[in-house]
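One structure is given below, encoded as structure tokens.
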Amino acid sequence: MIESWRWFGPLDKIQLTEIYQTGSNSVVTALHDISYGEIWPLSEIEKRKAMVEAAGLTWSVVESLPVHEDIKLGRGNTSHLFNNYRKSLENLAKCGVGVVCYNFMPLLDWTRTNLDAPADTGGSALRFSMAEMAAFDVFVLKRKEAKESYSEEVLKNAEELFKNSNQKYFDKILRNIMAGLPGSYARYSTETLREVLKNYEGFKHEDLRMNYQKFLREIIPTATDCGIRMCVHPDDPPWDVFGIPRVVSTKEDISFILESVPALENGLTLCSGSLGAHPNNDVVKIASRFSERIHFAHLRNVKKEPDGSFQESSHLKGDVNMVELIKVLLKEEKKRKLVDVNSHEIIFRPDHGHEILSDGERNTHPGYPLLGRMKGLAELRGVSKAIQNELDLQ
Ligand code: DNO
């Protein structure tokens, strides 16, 4: 497997020279300042590539080449958006960047209610509290059908929480929910969120699925022609948020997507933490089932709670059996190499990390501290080396 590290570009508080010292040899990055739907110009891609290479690293994955909201919603004439997306892929291919990660979550990206929950060994972790989410959704946002999204027990706890909390507390929850949106994207206030949610009224899973299928049919043939492996990132968390449908949450969802266009270039980002938050997802089984189409892996772990809440745990400690998962990925690589020695290795990155030691002083992107991720990477690297030894002996 190829080790990689997410770098948010020149504005990232973590320097490429520091990434080099983590031992990772490649970088996952994106041109975050280009608006959704615009073409990524060749010159900008070349500039970013040169920056990465000057630090002794390679640019292995784009995360993300974002899909415009109009494509997700099937709104208006989208043909120029598809053209632009294809053009960006061609430009990336010209620069030799071969893997492109994207997601198909409408409106929001990853969603947490708490960005600094105490972690078990000190430091802090990202957390999704079902009660906090419900309290905000039902009592602050006052979304019409919000109550239907939560269990009786969660609603009871949410009501209690609402009674005992002030406006400041909920302002912070909203800020935390918005933290997953990439750099240049608009953050919403309660009022503007309420307004924008109107665009999704009556919008069903089936609608999103059909729009997604159209996207794949428009884009994957170009990816195949220019040798780019696309890989969808699962929904995080893997269920509907604010009543907006999500369709990349389960094994059945992934099956539908990969079968919609049965090409290698229509692949998956195996994000163990996102998929692992769903009570019914067996991440190791999902990885085995779709291993041939996994081009990129986000390795992190979560500890689930009975009411649907979850907290990000250390990389080897949560509910996902990380050792078994890495074994699946390494076995897949071994299989690929038997067919073709030059076949692609799976690229992985330590996804998120606890804020530990001096991480707090750096004010990095939530979930992306230097030391916490480096600890995760070291643990994953160790597991991977041990399994490789074992597999080579067979
Ligand atoms: C969160 C990330 C996601 C991911 C996008 C991919 O930490 O895993 O934001 O980059 O969903 O499009």
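The values are calculated or read from the model by the stated rules, or taken from the named source; none is laboratory data. Note that the coordinates shown come from a computational prediction; the quantities given were computed from them, not determined experimentally. Glycine gets a Cβ as well: all are built from the backbone with ideal geometry, and neighbour counts include every protein chain shown.
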Starting from residues that are touching a Lys or Arg at 6+ places or on another chain (Cβ under 7 Å) and farther than 30 Å from residue 226 by Cβ, keep the ones in segment 248-280 and report whichever is surrounded by the fewest Cβ atoms within 10 Å (Cβ to Cβ).
279
Filtering segment 231-258 down to residues that are more than 11 Å from the ligand (Cβ to nearest atom) and more than 15 Å from residue 286 (Cα to Cα) yields 237, 239, 240, 241, 242, 243, 244, 245, 246, 247
Six or more apart or on different chains, Cβ under 7 Å: which pairs go from a residue in segment 91-102 that's closer than 8 Å to residue 230 by Cα to one that's within 16 Å of the ligand (Cβ to nearest atom) and of a type in the set (Phe, Trp, Tyr)? Could you list them?
99/296; 101/296
Just to be sure, is residue 351 touching a strand residue (DSSP E or B) at 6+ places or on another chain (Cβ under 6 Å) and not basic (Lys, Arg)?
yes
List pairs: first in segment 232-261 and free of Cβ contacts under 8 Å to residues at least 40 places away in the same chain, second in a helix (DSSP H, G or I) and within 16 Å of the ligand (Cβ to nearest atom), Cβ under 9 Å, 6+ apart or cross-chain?
249/274; 249/275; 250/275; 251/275; 254/275
Can you tell me which residue within segment 35-77, out of those that are without any contact (Cβ under 8 Å) to a residue 40 or more places away in the chain, closer than 26 Å to residue 216 by Cβ and in contact with a helix residue (DSSP H, G or I) (Cβ under 7 Å, 6 or more places away or on another chain), is farthest from the ligand (Cβ to nearest atom)?
76
Looking at this structure, is residue 275 in contact with a Pro (Cβ under 7 Å, 6 or more places away or on another chain) and in a helix (DSSP H, G or I)?
yes
If residue 14 passes every condition in (1) assigned to a helix (DSSP H, G or I); (2) touching a residue at least 60 places away in the same chain (Cβ under 8 Å) but one, which one does it miss?
(1)
Of all residues in segment 113-150, which are among the basic types (Lys, Arg) and either touching a Gly at 6+ places or on another chain (Cβ under 7 Å) or away from the ligand (no atom under 16 Å from the Cβ) (or both)?
142, 143, 144, 147
Quick one: would you say residue 384 is small (Gly, Ala, Ser), more than 19 Å from the chain's Cα centre (by Cα) and modelled with pLDDT under 95?
no
Residues that are hydrophobic (A, V, I, L, M, F, W, C) and either within 14 Å of residue 107 (Cα to Cα) or more than 16 Å from the ligand (Cβ to nearest atom) (or both), drawn from segment 174-218
174, 177, 178, 179, 181, 186, 193, 196, 197, 203, 208, 210
Given the conditions (1) under 30 Å from residue 311 (Cα atoms); (2) touching a residue at least 40 places away in the same chain (Cβ under 8 Å); (3) of a type in the set (Phe, Trp, Tyr), every one holds for residue 215 apart from (1)
Is one or more of the residues making up segment 202-213 modelled with pLDDT under 95, of a type outside the set (D, E, K, R) and on the phi < 0 side of the Ramachandran plot?
no
Among strands (runs of 3 or more DSSP E) lying entirely in segment 289-394, which contain 3 or more residues that are among the basic types (Lys, Arg), more than 15 Å from the ligand (Cβ to nearest atom) and surrounded by 22 or more Cβ atoms within 10 Å (Cβ to Cβ)?
none
Condition check for residue 349: in contact (Cβ under 8 Å) with a residue 60 or more places away in the chain and of a type outside the set (S, T, N, Q):
yes
